[in-house]
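Below is one structure, written out as structure tokens, with a few remarks after it.
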Amino acid sequence: MEKRLHFTEEEVASFIKAGQARRARYAKDQIIALQGERCTTLDIILDGSVSTQNLDEEGRLFKAEVLNAGESCGATLLFGSNNTYPMQIVAQEPCTILHLKRELVLTLCESHKEVLLTLLAIISDRAHRLGTTVNRLSTLSLRESLLSYLHRLSGQQNSLRIILPITKKELAQRLGFARTSVSRELARLRDEKVLSMEGKIITLHTSSSSEE
């Protein structure tokens, strides 16, 4: 599990009082940060969830990642030489976000070693996850990519009965395959009794993504 930054209510209140942070509430599908916008805050999700999305020139939406309560946005961008968002950040559901200004984050890193180590761990984990995703998408077949994603979800949800956090169309976009191809492969896996499906609920009948 990715390391997480945590602050007490008293600390959060003091950050806000000093004008170094703000707490904001977002409605479902509300844009939190636009693609190309400069990242000036480290954003901690207090409740709800957000997704990183990209809209291509043909109007197709690609949902890259869903981040849940406790996770953060902007850690890999805040201190970068190019600190613009490569994708837009959108509320996946109603959510509350704590926006910490860059100066506050720098001060906390200088005065609290644990904050610095946690932030470095988050950046390292994100870089590793991105590299793994790129490698997987470039080398795996549709079946392998699909099973890899489903078993990763199974691990995150700690159950072989998993709930898809995205639509099948978004899943196809995420894996880089046509929606019809993904639907056909899911049907094959169901017919082969590798999994069963009921709406957005998928039950895996194997505990390893290496099962063919």
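Any read-out appearing in this document is the output of simple, stated calculations on the displayed coordinates, not a laboratory observation. Please read all numbers here as calculations on a predicted model, not as lab measurements. We place every Cβ from the backbone using ideal geometry, glycine too, and count neighbours over all the protein chains shown.
Values as computed for the structure displayed
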| read-out | value |
| --- | --- |
| Long-range Cα-Cα pairs in the chain (distance over 29 Å), rounded percent | 32 |
| Dipole magnitude of the range 70-193, debye to nearest 20 (Cβ charges: Lys/Arg +1, Asp/Glu -1, about Cα centre) | 560 |
| The range 140-204 - Debye-derived log10 I(q)/I(0), Cα point model, q = 0.18 Å⁻¹ | -0.59 |
| Rounded FRET efficiency, nearest 0.05, which uses the C-beta distance separating PHE7 from PHE62 and R0 of 30 Å | 0.40 |
| Simple Cβ-charge dipole of the chain, Lys/Arg +1 and Asp/Glu -1, about Cα centre, in debye nearest 20 | 300 |
